[in-house]
Amino acid sequence: MRPASTPRLPVTARVFVQRFSSTPRGARLARHLVVHRLDAWGVPYGSALSDTAALLVAELAANAVTHGRVPGRDIEVLLRLDAYTLRIDVSDSRGERRPTVTMVTAAPEAEHGRGLLLVEALADRWGVFDRVPVGKTVRAELDLPPRDQRSRTPDDFARE
């Protein structure tokens, strides 16, 4: 991941962390709860940020339950929102199965293999990190527009 290019002031960050079963149902629930949490933080349902976050969580969670599943182990989703960035982390227990940029290709007739293409296209940054004590975390970050270019901030919605 490349570092953000603009200097940043300290801000309060909102954080949501939840474990989900390593199943398709767990991945679906993760997407629903992330969108619900964003709405509670002032990012309305159906907004560009909410919809993009939902797609990113859906792809990362689906990959975690498909390729990173270890029976009896959950996946974990972390959502962090501050004034500048929305960070989405999805962690699983299979550290040896790491997605790479070279894996972001699929044959035109293939039914699978395009999830990371979506992540690459939608996220401002994404990467894979070791998870202590075991596993990996796939992170996607979305830069928020500068405050003066937003019609409303998450704090504006929270005050209503």
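The values are calculated or read from the model by the stated rules, or taken from the named source; none is laboratory data. The structure presented is a predicted model; accordingly, all values stated were derived computationally and were not measured. These accessible areas exclude ligands, DNA and RNA; they are computed on the full protein's heavy atoms, side chains included. Shrake-Rupley method; radii C 1.70, N 1.55, O 1.52, S 1.80 Å.
Which length gain, in nm to one decimal place, applies between Ser21 and Ala40 when the Cα-Cα distance is subtracted from 0.36 nm times their residue separation? Please list the in-between numbers first.
On the way: separation 19, 0.36 × 19 = 6.84 nm, distance 2.33 nm.
That pair, Ser21 and Ala40, stretches by 4.5 nm at full extension.
Between Val128 and Asp143, what is 0.36 nm times their sequence separation minus the Cα-Cα distance? Round to one decimal in nm.
Values: separation 15, 0.36 × 15 = 5.40 nm, distance 1.81 nm.
Answer, rounded to one decimal: 3.6 nm.
Per residue, how much accessible area does the stretch 32-81 show when a 1.4 Å probe rolls over the protein heavy atoms, in square angstrom? Please list the in-between numbers first.
Values: 2150 Å² over 50 residues.
Per residue, the stretch 32-81 has an accessible area of 43 Å².
Please list 3J(HN,Hα) in residue order for the stretch 121-129, calculated via the Karplus relation 6.51 cos²θ - 1.76 cosθ + 1.60 where θ = phi - 60°; whole Hz, with x for glycine and proline.
Running phi through 6.51 cos²θ - 1.76 cosθ + 1.60 with θ = phi - 60° gives 6, 8, 7, 6, 8, 8, x, 10, 10 Hz.
With θ taken as phi - 60° and the coefficients 6.51, -1.76 and 1.60, list the Karplus ³J(HN,Hα) couplings across the stretch 134-144 in order, rounded to whole Hz; mark glycine and proline as x.
Each residue's phi maps through the Karplus curve to give 8, x, 9, 10, 9, 10, 10, 10, 10, 7, 8 Hz.
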